[in-house]
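No lab work stands behind these numbers, since they all come straight from the coordinates. None of the values given here were measured: they were computed from a predicted structure. Cβ coordinates were reconstructed from backbone atoms using ideal geometry, including for glycine residues, and neighbour counts include every protein chain displayed.
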Amino acid sequence: MCNCCSSNNHSHNYDEQNIFLPKEAKIVRAVQATATERHFTLRMASGEKMKFDPGQILEVSLFGFGEIPIGLASSPTRENTFDIVIRTVGRVSTAINKLNEGDSLFIRGPLGRGFDLNLLRNHNILVIAGGIGLCPTRSLIQYIMDRRSEFKKFSLFYGAKDPSQQMFLEDLANWRKSNDVDFHETVDRGSDDWKGNTGVITTLFKKSSITPDTKVIICGPPIMFKFVIAELDKIGVARKDVYVDLERRMKCGVGKCGHCQINDKYVCVDGPVFSFDEIQNLEEAI
Amino acid sequence: MNVYFLKEHDFNSFMSKMIESKKVIGPVAKKSKFVFDKLESPEQLRLDYDVTILPPKKEFFPTCQKLVCFDGNKFEGCINPQEKILFGVHFYDVKAIDMTDHLFSEKNQDWNYLANRKATTIVASNIQKVSGRAFFASVGKEVGPKGHDAFITKINGGYVFEAITDKGEAIVKFGKFEKASDSQKSEAQSANESMLGKCPEKLKYSSSEIADKVRKNFTNEKLWEEAAHDCFSCGSCNVVCPTCYCFDVQDDWNLDQKTGTRSRYWDACLTEDFSKVSLGGGHAENFRESRGDRFRHRIMRKATYLNEKLGGPACVGCGRCSSACTADIADPVNVINKIMEAK
């Protein structure tokens with residue numbers, strides 16, 4: 001007898017095929033990344049290593065509160081753990097962000113289409129991450145840093161609203177001194193002790209030398225896309241070489257519930273990563 | 001498969017026997033309208049209904065469906081199919097069910113729907129009375145009804161019952177069926193064909209012409225804003241639609257605050273929050289912010305987006321949305337004919 005709905009006969013015959021059944025994951029590390037973002041490192045409770053592509057998403061849940069779609073924030077090249085970062089926004093994220101090491105989260109996934117690494121290998125790469133857009137792109141950034149020889153020049157532009165909003169401070173410190181990445185950062189509004197660049201993310205283009213043969217990945221607030229695309233057009237980067245990581249409301253993550261639909265595409269299964277030429281004529285996409 | 005005839009005076013005993021041994025859902029009267037409901041007696045069955053308030057999809061895809069039950073951190077799936085017979089489904093709803101079958105089966109198969117669907121025997125029935133807003137004869141003509149197990153047609157003196165699948169054939173044992181004669185078969189055929197001419201509303205163009213022109217008018221903001229001007233964003237058009245299948249997923253605690261369920265609820269893309277994402281700090285991004293955006297999305301979804309997958313439009317011409325719309329602006333015939341006449 002099921003305690004919660006008084007049913008006598010849930011059929012477990014369908015468990016393998018039930019796309020809504022999550023799996024348990026244990027929090028092995030929980031760090032407050034900013035005042036509103038919490039960074040979790042998770043391991044599947046079963047001990048299995050989750051196979052995923054950088055850029056894929058998870059439906060993350062806590063029973064009684066609900067599920068939210070979250071991009072994977074670490075690379076599959078890392079151990080058998082994976083990272084997610086959750087911003088405290090609503091009911092589910094507020095409940096999740098009260099959790100600590102040893103607590104459980106429930107996940108479905110990996111879901112959707114991530115970055116096609118075969119298209120990126122042996123090319124110059126530029127990742128442009130605005131705000132919380134650094135979280136899903138970190139899965140690719142880590143991948144490139146871990147397998148650096150598979151890629152040519154690697155540039156990374158990161159913009160945050162102000163220095164207190166910067167995330168992954170250890171990573172930032174490493175990237176600043178690393179010779180493996182041409183790293184540039186900016187904040188919209190500086191602070192007294194901020195000595196770096198101030199201004200929107202497109203101001204970073206003049207700090208680097210991006211060539212037209214670069215594959216570019218963009219993730220950030222919708223407003224950022226059109227300004228970045230305009231800069232890339234000036235440089236002469238082909239739109240098919242530009243990849244965007246889109247955000248939408250997603251309730252099911254499996255292409256059924258309709259919330260993330262853009263024209264005939266579902267962001268949760270056809271994306272969240274799209275090449276820009278796939279969606280540039282798709283109204284409502286950007 | 002076989003085609004049978006059942007005499008008028010044998011019909012109630014057939015239904016009685018079926019109701020005794022199986023759960024049977026059929027059209028019944030509810031005040032001046034009709035609904036699909038569990039039959040307790042043959043007298044309740046109203047095969048002379050025009051259209052039901054809600055489409056029969058609720059038998060596989062209930063308005064609220066439990067997906068996961070939890071107790072603390074323990075949980076289990078809630079797939080629990082119940083054998084049933086869905087009796088008296090008009091052909092437009094059969095078409096719609098076939099569409100949702102396809103959509104829940106493609107890519108990630110959703111057994112929360114499919115298990116219920118597989119446990120159901122569908123007996124379609126001929127339309128004896130046409131509803132005031134129906135246009136089923138002029139929409140998606142390239143897609144015929146399929147996926148039903150039997151088709152029953154009222155003719156003079158009785159019913160012609162065409163068993164299409166083994167599940168349909170299995171129903172015959174409940175009644176005194178005899179082989180239908182050729183004249184009975186042709187009478188049934190003309191009964192079905194003649195109803196097509198009785199639709200009060202009509203689309204004037206083919207599905208592909210419509211898909212083309214509607215798609216081309218995506219950026220005709222004025223058209224959409226005008227069409228949606230009186231929209232209350234209530235989502236009634238979505239809720240009564242047999243091909244709408246959007247849903248929300250929510251967790252609910254039981255009173256003990258320890259156990260509960262994760263369920264899906266019918267959702268509606270016309271409602272304001274449907275595509276809204278919270279950004280924190282009281283900010284939000286709504287990807288379909290205006291009523292026009294949302295109204296356009298519904299028409300696009302019915303007339304163009306799913307056509308490739310379904311072989312035709314995701315509209316079957318039942319006219320439920322037209323009747324349900326408070327402002328009477330949802331009628332696809334009016335909207336589409338107007339778009340077709342736009343420059």
Next on the checklist: On a full-extension model of 0.36 nm per residue, what is the gain between A:ARG29 and A:ASP162, subtracting their alpha-carbon distance, rounded to one decimal in nm?
Outcome noted: 45.3 nm
Checklist outcome for this item: Across B:257-263, the residue-averaged tally of Cβ atoms belonging to other chains within 10 Å stands at 5
Item to check | Equivalent ellipsoid semi-axes, region A:219-273, via Cα gyration tensor eigenvalues times 5, rooted, Å | outcome: 26, 11, 8
Checklist outcome for this item: Helix B:291-300 sits off the longest principal axis of the Cα atoms of chain B, rounded to the nearest 10 on a 0 to 90 degree scale, by 40
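What's the FRET efficiency of A:GLU283 with B:TYR265 using the Cβ-Cβ distance as r and R₀ = 22 Å, to the nearest 0.05?
On the way: r = 28 Å, r/R0 = 1.29.
For R0 = 22 Å, the calculated efficiency reads 0.20.
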Item to check | Members of A:LYS251/B:LYS95; B:LYS38/B:LYS118; B:LYS30/B:LYS58; B:LYS33/B:LYS57; B:LYS17/B:LYS185 lying beyond 20 Å, as alpha-carbon distances in this model show | outcome: A:LYS251/B:LYS95; B:LYS17/B:LYS185
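Net charge near A:ASP162, counting Lys/Arg +1 and Asp/Glu -1 over other residues with Cβ under 15 Å of its Cβ?
Charge balance in the 15 Å sphere: -2.
From the helices alone, meaning DSSP H stretches of at least four residues, give me the mean residue ellipticity at 222 nm for the protein assembly as shown, per-run term -39500 (n - 2.57), in deg cm²/dmol to the nearest 500.
Helices in the protein assembly as shown give a 222 nm mean residue ellipticity of -7000 deg cm²/dmol.
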Item to check | Gain upon complete extension [A:THR211, A:ARG189; 0.36 nm per residue less C-alpha separation] | outcome: 5.1 nm
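For region B:213-296, what does the convex hull of the Cα positions come to per residue, in cubic angstrom?
146
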Checklist entry - Roughly how big is chain A's charge dipole about its Cα centre, with Cβ charges of +1 (Lys, Arg) and -1 (Asp, Glu), in debye to the nearest 20? => result 240
Item to check | Only Lys, Arg (+1) and Asp, Glu (-1) charged, at Cβ; the protein assembly as shown dipole about Cα centre in debye | outcome: 260
Checklist entry - Put +1 on the Cβ of each Lys and Arg and -1 on the Cβ of each Asp and Glu in the protein assembly as shown; which of B:VAL89, A:GLY271, B:SER190 then has its Cα farthest toward the positive end of the dipole? => result B:SER190
Item to check | Extreme residue, positive dipole direction of region A:117-245, given options A:THR202, A:LEU169, A:LEU117 (C-beta unit charges) | outcome: A:LEU117
Checklist outcome for this item: Rounded to the angstrom and largest first, Cα extents along the principal axes for region A:117-245 equal 42, 30, 23
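In what sequence, highest mean first, do B:247-255, A:125-133, A:216-224 appear when ranked by Cβ atoms within 10 angstrom?
Most protected by this proxy first, the peptides run A:125-133, A:216-224, B:247-255.
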Checklist outcome for this item: Residues other than B:ASN286 with Cβ under 12 Å of its Cβ, Lys/Arg counted +1 and Asp/Glu -1, net out at 0
Checklist entry - Taking only the alpha-carbon positions of the protein assembly as shown and ignoring solvent, what does the Debye formula give for the base-10 log of I(q)/I(0) at q = 0.06, 0.08, 0.10 Å⁻¹? => result -0.39, -0.66, -0.96
Item to check | Cα-centre dipole for region B:51-163 with unit charges at Cβ (Lys and Arg positive, Asp and Glu negative), debye to 20 | outcome: 320
Checklist entry - Which loop-located GluC sites (Glu not before Pro) does region B:119-184 contain, where loop means any DSSP state but H, G, I, E or B and the Cβ has at most 13 other Cβ atoms within 10 Å? => result B:GLU142
Checklist outcome for this item: Expressed as a whole number, the average count of other chain Cβ atoms within 10 Å around the Cβ atoms of B:102-113 is 4
Item to check | For A:16-26, mean number of other protein chain Cβ atoms within 10 Å | outcome: 5
Next on the checklist: Could you compute the net charge surrounding A:PRO222? Neighbours are other residues with a C-beta less than 10 Å from the C-beta of A:PRO222; K and R count +1, D and E count -1.
Outcome noted: -1
Item to check | Förster radius 25 Å - calculated FRET efficiency between B:GLU193 and B:ALA170, Cβ distance, rounded to 0.05 | outcome: 0.35
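Using the reciprocal of the averaged 1/r over all distinct C-alpha pairs, how large is the Kirkwood radius of chain B in Å?
21.6
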